[in-house]
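Some notes on the structure that comes next.
The values are calculated or read from the model by the stated rules, or taken from the named source; none is laboratory data. This structure is a prediction, so every number in the text was calculated from the model and none was measured. Glycine gets a Cβ as well: all are built from the backbone with ideal geometry, and neighbour counts include every protein chain shown. For the accessible areas, the whole protein counts, side chains as well, though only heavy atoms, and no ligand, DNA or RNA atoms are used. Shrake-Rupley method; radii C 1.70, N 1.55, O 1.52, S 1.80 Å.
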Amino acid sequence: SRGPGRTDVALRCAASLAAGRPPRGPRREGTVRWSSAAKASAVKINEKASREKILTLESMNPQVKAVEYAVRGPIVLKAGEIEKELRKGIKKPFTEVIKANIGDAHAMGQRPITFLRQVVALCTYPNLLDSPSFPEDAKNRARRILQGCGGNSLGSYTASQGINCIREDVASYIERRDGGVPADPDNIYLTTGASDGISAILKILISGGGKSRTGVMIPIPQYPLYSAAISELDAIQVNYYLDEENCWALDVNELRRALNEAKAYCNPKVLCIINPGNPTGQVQSRKCIEDVIHFAWEEKLFLLADEVYQDNVYSEGCQFHSFKKILYEMGPEYYNNVELASFHSTSKGYMGECGYRGGYMEVINLHPEIKGQLVKLLSVRLCPPVSGQAAMDIVVNPPVPGEESYAQFIKEKESVLNNLAKKAKLTEDMFNKIPGIHCNPLQGAMYAFPRIFIPSKAIEEAKAHKMAPDMFYCMKLLEETGICVVPGSGFGQKEGTYHFRMTILPPVEKLKNLLEKVKDFHIKFLEKYA
């Protein structure tokens, strides 16, 4: 057999170089010396082999590139880098990163609700149904959920709208919550968290081009899911501003201003409301909701009501009112005509079960043909996670008086909510004692959104670093204290104002320590840039 020719050698060399290995010669005794011609040939072949990538920043979908999601943005990436450095033993002025950027209750130490976990465990491993360690009311719910699953298994696909018996339980829950207002299981769609439902509804609502492109009205400050979804779908974002001087209230005159201005460049047909508010924590009054519904009816707007924090209401005199209930009570002219999608989730409230990705939406007054289109759209993702559907069922079908798990369930639920109320007041009070920081009352949800004074010298330095002033502030806070919060610019804010969003989820003592660190940092920051 012939020995390796120049081409063979060059090809082998090229393959080695491409794999990041030093080239090897043929398998024979002695050392092979590569000629300069062979090396040059190998490099040329390797250059041809590594052609241009098909997918680049220039060729990718521009709508995806336009998407921004501040809650997991640059500051969170920096926090991850700092955590790695701490693990390597690199010295910092702190020993841990406190991720107060996201409403992830269990990651912050909140304990799961026992009954919810029991039912999901029983559904996941049905052999436990024979165990005396689990209460009968949990077993009964698990058996009912499993009977609704193909092969009595949580591992099977479900209908695209979700398991039928769970949708029935959601409808019953809505009727109880709203004092008897009827709810139809056929209008209920189980979703992968509330986010999945919001994205699906927006996807089906957005159409047109140029000045007829759909405009979506969102509150500023807003939860960045909305701006991200609007960017991804190439819709038009229409901002309406909440009134910070009036505890982040929603003013219909501001809605009208935003709508009339938007009509010059798009077709506004969707109005999004977040109640209780994220990041602002306000709870809307009944009168405010009536005004918003009347405005939507008058202007022919499709209403989206994000109500995932409906269990999180803390301030005296505040009460959660669902848009569905108020719509019904306003009479048939409104109730039979205003198109409304409402959203709820397992991730917030007292449950904090973010990882299960459970949620639902109720959509009323949808055109019958559009209903079919929505089911078709949802069927593309087959079904929401079935364990998340089971978790959602326990949120809407918890233990009731007389059942053996009721006492423990109520004790755990009230403990979580009372603790959050205590932390909401603590956060508000401590922030308002810091010079240059003002925080509105945290009426609900699980965040503070304080306004911060940033001196002009710091603003100039932020510009030099090509950063928004509040991003610069939050980055300094992270680097000097290990506290990770989200700059207000990621949620939107009035020109010339600066904020950050911080969750109130850490345990009380840790939260006090965090707030003291923010106080010390802020005072030093003001002194440095005065």
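Quick one: would you say Glu479 is within 20 Å of Glu81 (Cβ to Cβ), of a type outside the set (A, V, I, L, M, F, W, C) and part of a helix (DSSP H, G or I)? Before the answer, list the steps.
On the way: within 20 Å of Glu81 (Cβ to Cβ): yes; of a type outside the set (A, V, I, L, M, F, W, C): yes; part of a helix (DSSP H, G or I): yes.
Yes: the conditions hold for Glu479.
If I ask for residues that are under 30 Å from Asn513 (Cα atoms) and either surrounded by fewer than 22 Cβ atoms within 10 Å (Cβ to Cβ) or free of Cβ contacts under 8 Å to residues at least 12 places away in the same chain (or both), which ones from the stretch 99-141 would you list? Steps first, please.
Going through the stretch 99-141, the residues under 30 Å from Asn513 (Cα atoms) turn out to be 99-114.
Scanning the stretch 99-141 gives Lys99, Ile102, Asp104, His106, Ala107, Met108, Gly109, Gln110, Arg111, Pro112, Thr114.
If Glu495 passes every condition in (1) open to solvent by 20 Å² or more (accessible area, probe 1.4 Å); (2) in a helix (DSSP H, G or I) but one, which one does it miss?
If we test Glu495 against (1) open to solvent by 20 Å² or more (accessible area, probe 1.4 Å); (2) in a helix (DSSP H, G or I), just (2) comes out false.
Regarding Lys263, is this residue within 29 Å of Gly372 (Cα to Cα) and either of a type in the set (Ser, Thr, Tyr) or assigned by the TED database to the domain that holds Gln319 (or both)? Quick ask: steps written out before the conclusion?
Numbers: within 29 Å of Gly372 (Cα to Cα): no; either of a type in the set (Ser, Thr, Tyr) or assigned by the TED database to the domain that holds Gln319 (or both): yes.
So Lys263 fails the test.
Provide a single number: the residues in the stretch 376-385 that are surrounded by 13 or more Cβ atoms within 10 Å (Cβ to Cβ) and part of a helix (DSSP H, G or I). Steps first, please.
Initial filter on the stretch 376-385 (surrounded by 13 or more Cβ atoms within 10 Å (Cβ to Cβ)): 377-378, 383-385.
Narrowing further to those that are part of a helix (DSSP H, G or I): 377-378.
So the answer is 2.
From the list Ala19, Ala70, Ala15, Ala40, exactly one residue is hydrophobic (A, V, I, L, M, F, W, C), modelled with pLDDT under 60, loosely packed, with under 12 Cβ neighbours inside 10 Å and not assigned by the TED database to the domain that holds Asn278. Which is it? Don't jump to the end; show me each part of the working.
On the way: Ala70 fails: loosely packed, with under 12 Cβ neighbours inside 10 Å; Ala15 fails: loosely packed, with under 12 Cβ neighbours inside 10 Å; Ala40 fails: modelled with pLDDT under 60.
Every option except Ala19 fails the conditions.
Look through Glu362, Glu339 and report the one residue that is modelled with pLDDT of 95 or more, open to solvent by 40 Å² or more (accessible area, probe 1.4 Å) and assigned by the TED database to the domain that holds Met217. Even if it seems obvious, please write down each step before you answer.
On the way: Glu362 fails: open to solvent by 40 Å² or more (accessible area, probe 1.4 Å).
Every option except Glu339 fails the conditions.
Which one of Ile454, Ile459, Ile434 is touching a Lys or Arg at 6+ places or on another chain (Cβ under 7 Å) and either within 23 Å of Ala100 (Cβ to Cβ) or of a type in the set (Val, Ile, Thr) (or both)?
Values: Ile454 fails: touching a Lys or Arg at 6+ places or on another chain (Cβ under 7 Å); Ile459 fails: touching a Lys or Arg at 6+ places or on another chain (Cβ under 7 Å).
Testing whether each residue is touching a Lys or Arg at 6+ places or on another chain (Cβ under 7 Å) and either within 23 Å of Ala100 (Cβ to Cβ) or of a type in the set (Val, Ile, Thr) (or both) leaves just Ile434.
Out of Gln373, Gln443, report the one residue that is more than 25 Å from Val76 (Cα to Cα), open to solvent by 50 Å² or more (accessible area, probe 1.4 Å) and polar (S, T, N, Q).
On the way: Gln443 fails: open to solvent by 50 Å² or more (accessible area, probe 1.4 Å).
Exactly one residue qualifies, and that residue is Gln373.
Rundown of residues vs (1) touching a residue at least 60 places away in the same chain (Cβ under 8 Å); (2) over 17 Å from Glu299 (Cα atoms); (3) part of a strand (DSSP E or B); (4) open to solvent by 10 Å² or more (accessible area, probe 1.4 Å), yes/no style:
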site: Lys211; (1), (2), (3), (4): no, yes, no, yes
site: Ile230; (1), (2), (3), (4): no, yes, no, no
site: Val238; (1), (2), (3), (4): no, no, yes, no
site: Leu255; (1), (2), (3), (4): no, no, no, no
site: Ala258; (1), (2), (3), (4): no, no, no, no
site: Glu261; (1), (2), (3), (4): no, no, no, yes
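Looking at (1) in contact (Cβ under 8 Å) with a residue 40 or more places away in the chain; (2) open to solvent by less than 10 Å² (accessible area, probe 1.4 Å); (3) outside any loop (DSSP other than H, G, I, E, B); (4) closer than 24 Å to Gly180 by Cα, find the lone condition where Gly388 falls short.
Against the list (1) in contact (Cβ under 8 Å) with a residue 40 or more places away in the chain; (2) open to solvent by less than 10 Å² (accessible area, probe 1.4 Å); (3) outside any loop (DSSP other than H, G, I, E, B); (4) closer than 24 Å to Gly180 by Cα, Gly388 comes up short only on (4).
Within the stretch 288-317, which residues are small (Gly, Ala, Ser) and without any contact (Cβ under 8 Å) to a residue 60 or more places away in the chain?
Of everything in the stretch 288-317, those that are small (Gly, Ala, Ser) and without any contact (Cβ under 8 Å) to a residue 60 or more places away in the chain turn out to be Ala296, Ala305, Gly317.
For the stretch 280-293, state whether one or more residues are more than 22 Å from Asn440 (Cα to Cα), in the same structural domain as Ala194 (by the TED database) and among the basic types (Lys, Arg).
Kept after step one, since they are more than 22 Å from Asn440 (Cα to Cα), are these residues of the stretch 280-293: 290-293.
Next, only the ones that are in the same structural domain as Ala194 (by the TED database) stay: 290-293.
Subset that is among the basic types (Lys, Arg): none.
There is no residue in the stretch 280-293 that is more than 22 Å from Asn440 (Cα to Cα), in the same structural domain as Ala194 (by the TED database) and among the basic types (Lys, Arg).
For the stretch 269-321, which positions are buried (at least 22 other Cβ atoms within 10 Å of the Cβ), more than 20 Å from Leu259 (Cα to Cα) and small (Gly, Ala, Ser)?
Gly277, Gly281, listed by residue number.
Among the helices (runs of 4 or more DSSP H) contained in the stretch 88-205, which hold 1 or more residues that are within 24 Å of the chain's Cα centre (by Cα) and not β-branched (Val, Ile, Thr)? I'd like the intermediate steps shown before the answer.
Details: elements: 114-124, 136-147, 164-177, 193-205.
Ranges flagged: 114-124, 164-177, 193-205.
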